[in-house]
1. Return the calculated 222 nm mean residue ellipticity for the chain, to the nearest 500 deg cm²/dmol, obtained by summing -39500 (n - 2.57) across DSSP H runs with n ≥ 4 and dividing by the residue count.
2. Once you put a point 7 Å from the Cα of E264 and another 7 Å from the Cα of A129, both along the Cβ direction, what distance in nm separates them?
3. As a footprinting exposure proxy, order Y128, Y47 by other Cβ within 10 Å, with the fewest listed first.
4. What is the packing order of peptides 240-247, 143-150, 84-91, taking the mean over residues of other C-beta atoms within 10 Å and listing the highest first?
5. Read phi for every residue in segment 218-233 and hand back ³J(HN,Hα) as whole Hz from Karplus 6.51 cos²θ - 1.76 cosθ + 1.60, θ = phi - 60°, with x for Gly and Pro.
6. Using Cα pairs closer than 8 Å and at least 6 residues apart in sequence, work out the relative contact order for segment 1-113, in percent.
7. Based on the Cα atoms of segment 79-134, what semi-axes does the equivalent ellipsoid have, where each is the square root of 5 times one gyration tensor eigenvalue, given in whole Å with the largest first?
8. How big is the gap, in Å, between the Cα center of segment 74-98 and the Cα center of segment 1-57?
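None of the figures in this text is laboratory data; all of them are computed from the coordinates on show. Note that the structure is predicted; figures quoted are calculated from it, not measured. Cβ placement follows ideal geometry from the backbone for every residue including glycine, while neighbour counts extend to all protein chains displayed.
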Amino acid sequence: MAVRLIALDIDGTLLNSRWQLPEANRAAIAEAARRGIEVALVTGRRYDFAMPVAHQLDSPLTMIVNNGALIRSKEGQPHLRHLLPRQTAERVLKLTHPWREGAAVIFDRARDNQLMLEVLDPDDSLRYAYYSRNKDFIGLANPLESCLTEDPIQVMLSGKVAPMREAEKALRSAPFAGEFGLAVTAYESKDFAMIDVINPACSKGSSLAEWAALRGLAREEVMAIGDNHNDLEMLSFAGIPVVMGNGVPELKTFGWHETGTNDENGVATAIEQFALREAAPCA
């Protein structure tokens, strides 16, 4: 079956290692859109932090953000929303208090107080560069639990890989683990990892599947490209799953298609091979 929807991760996939959008990727996406193929950016990023990338693509886009918690159009029209119950978010914050330094609570708000922190520390070498680019959206609450006046999109933890693995272990073994889902992204070479605690009904994969069903598309008509742990469900759903050459080893154990790295325009190569030519599902 021909590809009718292309789902693209952003970081480590669409963008190169310098967080730039290669012209070859932009051109391949434009050609796919010209042929009537829908393109979705499927990312752990918040909507507003994904939009600078979306604006570089002169094509209609579906935005599946916050690891599937929200689906919007490029223009901001809401389609689907899966929030984390605030009582669950409060229990998560209590459980993960040892990792509070890297904790944030993220809300679906127009602008102010989208991303709530306990403190904004200029000496935080791991996170301050990201926070400084998002100051317009950041609010402070001490203790962080006091910001939970409504259901958030997610609780986010970030830090070095080893402590984040400990936090993930604590979350997965929590007595209320059935109340939330986890999306984990790890960059071993940078010694940095993120854990998104989200509604248990959503992931990149489940939300992509939900969106495809609403669009009347079979999974065989969906192609997905990703590189990290939080892309697993998305790739598992897609009829044509493609792993980046720079992808984490786990994703290369399923016999899925592989493409070049994000510094080799792997996205463009995959789109040309599987969407712009006659595509066949992975054996």
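1. The helix contribution divided over the chain gives -7000 deg cm²/dmol.
2. Label-label distance for E264 and A129, simple model: 2.6 nm.
3. Y128, Y47
4. So the order, starting with the most tightly packed, is 240-247, 84-91, 143-150.
5. 7, 4, 5, 9, 10, 10, 10, 10, x, 9, 10, 4, 6, 8, 4, 5
6. 18 percent.
7. Calculated on Cα positions only, the semi-axes equal 22, 18, 8 Å.
8. A separation of 25 Å, based on Cα centres.
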